[in-house]
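Asker: Sharing a structure below in structure tokens format, with a few things to ask.
The values are calculated or read from the model by the stated rules, or taken from the named source; none is laboratory data. These numbers were taken from a predicted model, which means no experiment stands behind them. Positions of Cβ are backbone-derived with ideal geometry, glycine not excepted, and every protein chain shown enters the neighbour counts. Side chains are part of the model used for accessible areas, which takes the heavy atoms of the whole protein and leaves out ligands, DNA and RNA. Shrake-Rupley method; radii C 1.70, N 1.55, O 1.52, S 1.80 Å.
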Amino acid sequence: MNHDLKGNHPFQCLDDILAQQSVNPLTLNPDKTFITSFVELGNLITTMTTDEEFILALGDTLKLIVYAQLQNFPENIFWDFDFMVSSMVRQALVADGGFMSFLESFGDKMVLLIELFGINKEIRFRYVHDFIYGFDWARWVQREPQTRSNSEPFSLVFLEELLSKGEKLIKHINYGQLTSYNLSHTGYRNPFDFSREPEDEHLLLTSLAKANLIPVATWDWDTSPVWDKPFQEMRQQLALKLNIQPQKH
């Protein structure tokens, strides 16, 4: 990303990519309709560091992630990046091996993860919502809170955990051992009992956000992730209350 920081904003190209792909950049923030732009996120980053090399490297990493998400989750609905970017900056600035090594590792793991769970591999999930908004992370922490609660949702430790889980899922799918992960009639896998058609997914997640039942409010740069609520059960109960129909297989 060859930008002069004094000229074009280094993150403008990220907003342009979403616009060129005709993405409707919706947020789960109950008080807004659209996500914080990458240009705005770039301005927040400069309150933490003004190192031009760092900012350009971060932009390059985000570009890889955005492209991977577009290619592997083309029907994704909610596109918040605030807390993920905030987390990347905080971790990169204190990384033992320096920020370049951290950003390269983070970007590689994120792209692999997105490719592994998206429409171009066997798993074929429709959205990144469970990962980006912390449902996967909260469930993982709940299993061993004493050792895992210090690992944040976008830590390299958790990304590695999800990569390992994804590889195992693919093996089980290929061996026909996961009946709950059967392809739905739409061609996507949905391990939940309730429908996740776009209108149902939008209704349920926006309702959860209004009720403060999202583990990671990724639309908030300074959010504090929450793992110690029964998010899965509350999500299931709200789906029933909203009369979201069972998933068709």
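Asker: Could you check how many residues of the range 31-60 are free of Cβ contacts under 8 Å to residues at least 12 places away in the same chain and aromatic (Phe, Trp, Tyr)?
Answerer: Number of matching residues: 1.
Asker: Continuing with the same structure: Report yes if some residue within the range 210-219 is open to solvent by less than 60 Å² (accessible area, probe 1.4 Å), of a type in the set (S, T, N, Q) and under 23 Å from residue 113 (Cα atoms); otherwise report no.
Answerer: As a first pass, look at the range 210-219 and keep what is open to solvent by less than 60 Å² (accessible area, probe 1.4 Å): 211, 213-219.
Those still in the list that are of a type in the set (S, T, N, Q) too: 218.
Checking which are under 23 Å from residue 113 (Cα atoms) leaves us with 218.
Scanning the range 210-219 turns up at least one residue that is open to solvent by less than 60 Å² (accessible area, probe 1.4 Å), of a type in the set (S, T, N, Q) and under 23 Å from residue 113 (Cα atoms).
Asker: For the range 131-184, what are the residues that are of a type in the set (Gly, Ala, Ser), over 22 Å from residue 112 (Cα atoms) and crowded, with 16+ Cβ neighbours inside 10 Å? Even if it seems obvious, please write down each step before you answer.
Answerer: Kept after step one, since they are of a type in the set (Gly, Ala, Ser), are these residues of the range 131-184: 134, 138, 149, 151, 155, 164, 166, 176, 180, 184.
Filter once more, so that each one left must be over 22 Å from residue 112 (Cα atoms): 149, 176, 180, 184.
Scanning the range 131-184 gives a single hit, 184.
Asker: Which residue is surrounded by the most Cβ atoms within 10 Å (Cβ to Cβ), if the candidates are limited to the range 187-207 and must be free of Cβ contacts under 8 Å to residues at least 40 places away in the same chain and of a type outside the set (Gly, Ala, Ser)?
Answerer: Of the residues in the range 187-207, the ones free of Cβ contacts under 8 Å to residues at least 40 places away in the same chain are 191, 197, 199, 207.
Among the residues that remain, those that are also of a type outside the set (Gly, Ala, Ser) are: 191, 197, 199.
Numbers: 191: 13, 197: 18, 199: 11.
By that ranking, first place goes to 197.
Asker: Follow-up question, since we're still on this one. Go through (1) surrounded by 14 or more Cβ atoms within 10 Å (Cβ to Cβ); (2) of a type outside the set (S, T, N, Q); (3) under 26 Å from residue 109 (Cβ atoms); (4) modelled with pLDDT of 95 or more one by one and return the number of the condition residue 10 breaks.
Answerer: Result: residue 10 passes all but (4).
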